[in-house]
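Accompanying notes for the structure given below.
The numbers here are math on the coordinates, done by the rules we state, and not lab data. Predicted model, so just to flag it, every value in this text is computed and none were measured. Every residue, glycine as well, gets a Cβ built from its backbone with ideal geometry; the counts of neighbours run over all protein chains shown.
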Amino acid sequence: MTATDSPAGPAPGRPHRRLTALLVAVIAVGLLAAGGGLAVALGLGRTAPPTADSVDAGFARDMSRHHLQAVEMANLALDRSTDAEVRQLAFDISATQTNQVGRMQGWLTLWGLPLTSGEVMGWMGDDMAGHDMTHMDGADGAVMPGMATEAELATLRSLSGTAFDVMFLQLMTRHHQGGLEMAEYGAEHAELAAVRGLSRSIAETQTAETTTMESMLRARGGTPLPAP
């Protein structure tokens, strides 16, 4: 067959570029759908996005903020701990909660809402009546139940060895306990199914991790801090 007999083919590089563009589009849609964002973006099942004072938005804002401190502590453990079990736990917490923060902040962006708010946990209404919030002003870093203060974080950074592992497990256990009520409230009261689903997942995961950390803590000679 001569050159003139050969069928004309597509221009070099075009199939590759088309395939790349398709893969990028599929990945983008998949990521959006994974977080429940596709239904929100298309307006399926609702006439308007959640408002700034809704349970959905409040949960996404405050749980993101709560999670970010857990990620900070977990990353510190990855740098400082030499205990394989503690390091594995820290890796799991950092990876899981970083992913969840991305989902929640993605929702807020889709809804056209700010990622932070001055008031914390006001969306939970009367359910916060049993908590002492007098010290939750951000001055010491403990802006929500269970969160470590700046002084506690400074002490954690100064430790090493088993002393570090014990304090890390104490702070993270209390941190998980402090976030549980928010997760349970979101699972019951959020309007969007995606938000309720994430809330339930957080509640279940952190309850299981709390049990694990309490056992790890006692095995290292420590005892849990008072629950928030």
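Descriptive notes on the structure:
- Packing here is the average count of other Cβ atoms within 10 Å per residue, and on that basis the peptides 88-100, 165-177, highest first, run 165-177, 88-100.
- Cα centroid separation, region 212-228 to region 79-98 (Å): 16
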